[in-house]
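Written below as structure tokens is the structure these notes are about.
None of the figures in this text is laboratory data; all of them are computed from the coordinates on show. Computed from a prediction, not measured in an experiment: that's the story for all the values here. All Cβ positions, glycine included, derive from the backbone under ideal geometry; neighbour counts span all protein chains shown.
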């Protein structure tokens, strides 16, 4: 999950920009982990129980990484800790579920991805005034919602379909996280350029007003 505070509507300070930028590597590692996990899911001959264990372990590791991340909109780290702990607990529940079935896996992943998509869309919309990558986040959240509803609407899916769906989701999600991580890394320069652009526009308007 890409962590933001969906209820936050405010501007950034330089300190917040620098704090968010310094945490780019956590997002990068999480993205790489998701891509690797997606490749493993797609290339392995799974049983239902083994797939449940792997997905549970993946959610646990992602949740731990999330707890060390910084919200991408500069919000307090409590959001990262709370959402990371929630994903970790959810992963443990999937991992420890007695006698998991494809229905359990599909519903578990479907509901979690739906929650993640709603949070991502809400965070992108509330942070559109300060997040230069809010459009990418919005698109990701919408795709997550569509994918989640597709999973939840197919209680009779086969193991092959489940593997393809979850593996491709991990790959796509990981690639987007990697792309956003480099956007976050370059955030101070982007903000500085934006500030210089605003200053230039302001100067031009002042000169035009003086000439009149």
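When only Cα pairs below 8 angstrom with a gap of at least 6 residues are kept, the stretch 95-142 shows a relative contact order of 35 percent. In the stretch 14-197, Cα pairs under 8 Å separated by at least six residues give a relative contact order of 35 percent.
Size estimate for the stretch 14-197 follows the Kirkwood approach: the inverse of mean 1/r over distinct Cα pairs works out to 16.9 Å.
Each of 168, 131 has some number of other Cβ atoms within 10 Å of its Cβ, and from fewest to most they run 168, 131.
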